[in-house]
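The values are calculated or read from the model by the stated rules, or taken from the named source; none is laboratory data. Being a predicted model, the structure only gives us computed values, none of them experimental. FYI the Cβ positions are ideal-geometry reconstructions off the backbone, even for glycines, and counts take in every protein chain you see. The protein model used for the area step is the full one, side chains on, heavy atoms only, and it has no ligands, DNA or RNA in it. Shrake-Rupley method; radii C 1.70, N 1.55, O 1.52, S 1.80 Å.
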Amino acid sequence: MRDLFAEDPSRFDRFSIEFNDLLVDFSKHRITDETLPLLLELARHREVDAWARRMFDGTAINNTEGRAVLHTALRNRSDRPVYVDGKDVMPEIRTVLERMRRFSDAVRAGSWTGYTGKPIRDIVNIGIGGSDLGPAMVTEALRPYRQPGLNLHFVANVEGSDIADTLAGLDADTTLFVVASKTFTTWETLTNAHTARDWFLAAAGDEKAIAKHFVALSTNRDAVEAFGIDVEHMFEFWDWVGGRYSLWSAIGLPIALAIGMDRFEELLTGAFEMDVHFQESDPERNLPLILGLLGIWYNDFFAADTYAVLPYEQHLALLPDYLQQLDMESNGKRVTRGGLSVEVPTGPVLWGGVGGKGQHAFFQLLHQGTRLVPTDFLAPLETFDSPGEHQTIMMANGLAQTEALMRGRTGDEARAELEAAGLAADEVERLMPHKLFPGNRPSTTILYRKLTPRVLGSLIALYEHRVFVQGVIWDINSFDQMGVELGKQLAQKVYPELTADSDTRAHDASTNGLINRYRRFSAASRK
Ligand code: F6P
């Protein structure tokens, strides 16, 4: 890459794209004027555009579950109807958005009151996976827009500390529980929701009070009713919304509660604008397409098996967690849509963390480790809380890292530095290999003007479509998650064995040994 930059001063202009308030620089990649057209040819060959049309049109592209994939309809800000099985789903979507507006306005204004007549002060979202990560990430990212005095909590883990620690600081009469589950059958979520309900009833004493303090976000009316939440207080979505794509649906209610419905709709608008860009831009200027192809380039041609996302804005700390589900649950697959083995590596291990902190922790491996790790750097031109120096120091660090990864430090440069520091010749030779940076390590830099709801909406949709492009190229179904099922089934089997009267021998020796260790321990502690 050093040579490519030296040969072509216009490389940045040619390999960067501006879209609304985003600038995406992909010039620090191992690409030439030959590479990109070849990658675009691959996309043409795999018919990415035709698959995108099918997705936006409501064709059942989730072929294993026979479902449409229409998270894009949730943020369709145009008049265009979207049909599922011949029925336009836009009126239902608008009705739920309107209900979310009325409810979030009332809670935020303090006119929705609890059983003692006091306004809501704390909102506890109980959900897991897509029913947790999206709203948790977005409400953290948009923290500066949150209504002061309305506190948000997210409980996902079934390990009891999560809910216990959360409830410890709360008053039942000013707390609203949002039980978020697409299926409303998820064991962890229902366990946490029942614990919350018991805690609440211990204080309120009257089941009637539940109506003021529990709402459900789900596709499953019967299960919501069976739990004891009136469907009046259920915000609906539909089976054509995948869990990890659901923050745009009723699952986004905590976002609307935190930042207000107008801003939630700005988030939808930002995503819609990216949807239009993805559908209408020329391939050479199409951000999700290009970023998807660059991912394929390293994953399949350079055997890079991980991919790091490094936001420099503190409020984006949860973005890597969120993207981990989006990418790994979508593209962590090993068979094609038709059930044959995929011949190349598919979805990479996505990881990352706030760049400004990672520099002092894991960046060592990015610079000098033996693995090639493509990276995304994300940084704002303007932050909410960075007075003067903070912003400039943050930016200097982030940009310098991308340069260091690309340029590296040659042996000659390392030697010159050591000599300049006055080291003896043998000491210079001894240290030289340790000071050398191979460089040529690829990164994409996304600079955005400011982390507004609209910018965030566009960013998330950019990553969603990037994942989509890759799934199409690998010919996999990015929209099911059958790999999570086996563990769930086995957990149901293990559960009674943990409290049985005698040891189990139903499993392998390791699993038997561990189950029996726990069983005996818990039996002894119950005595
Ligand atoms: O187990 C994985 C998963 O099904 C995710 O795909 C989903 O986001 C999560 O569990 C939660 O599911 P639900 O919203 O139905 O509770």
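Observations, loosely collected:
- Only protein atoms count toward the accessible area here, which uses a 1.4 Å probe; on the range 1-71, the carbon and sulfur part of that area reaches 48 percent.
- Potential lengthening between residue 370 and residue 335 on full extension [0.36 nm per residue; Cα-Cα distance subtracted]: 9.7 nm
- Relative contact order of the chain, taken over Cα pairs closer than 8 Å and 6 or more residues apart, is 19 percent.
- Here the sum of -39500 (n - 2.57) over DSSP H runs of 4 or more residues, divided by the residues of the chain, equals -14500 deg cm²/dmol at 222 nm, to the nearest 500.
- Among beta bridges that DSSP assigns inside the range 1-154, antiparallel share in %, nearest 5: 65
- Between the range 23-57 and the range 91-106, the Cα center-to-center distance that results, in Å: 37
- At full extension, residue 191 and residue 503 could sit 109.7 nm farther apart than now, given 0.36 nm per residue minus the alpha carbon distance.
- Excluding exposed DSSP-loop GluC sites (Glu not before Pro) (at most 14 other C-beta within 10 Å), longest clean stretch of the chain: 160-342
- Heavy-atom accessible surface of the range 201-350: percent carbon and sulfur, 1.4 Å: 49
- Compared with the alpha-carbon gap, the fully stretched path from residue 78 to residue 18 is longer by 19.3 nm at 0.36 nm per residue.
- Of all DSSP-defined beta bridges confined to the chain, some 30% are antiparallel rather than parallel.
- Ignoring aspartates and glutamates fewer than eight residues from residue 118 along the same chain, the ones with Cα atoms less than 19 angstrom from its Cα are 105, 171, 173, 206, 207.
- Size of the chain as Cα extents on the principal axes (Å, biggest first): 80, 63, 55
- Sequence-separation-based contact order of the range 1-65, relative, with Cα cut under 8 Å and 6+ spacing, percent: 19
- Summary value for the range 122-207: 40 percent relative contact order, contacts being C-alpha pairs under 8 angstrom separated by 6+ residues.
- 1.4 Å probe accessible area per residue over the chain, in Å²: 45
- Label sites at residue 109 and residue 198, each approximated as a point 7 angstrom past Cα along Cα to Cβ, lie 3.8 nm apart.
- Both radii come from the Cα set of the range 61-183: Rg as radius of gyration, Rh as Kirkwood radius; their ratio Rg/Rh reads 1.03.
- When both bridge partners sit in the range 110-186, DSSP labels roughly 10% of those beta bridges antiparallel.
- For the range 321-341, the residues whose backbone nitrogen is under 14 Å from a point 7 Å from the Cα of residue 54, taken along Cα to Cβ, are 336-339.
- In straight-distance terms, cross-link reach from residue 87 covers every one of the lysines whose alpha-carbon lies under 30 Å from its own, apart from those fewer than eight places away in the same chain; here that gives 182.
- Descending Cα extents along the principal axes, the range 1-100, whole Å: 56, 31, 20
- Whole-angstrom gap from the range 255-319 to the range 139-208, using each part's C-alpha centre: 29
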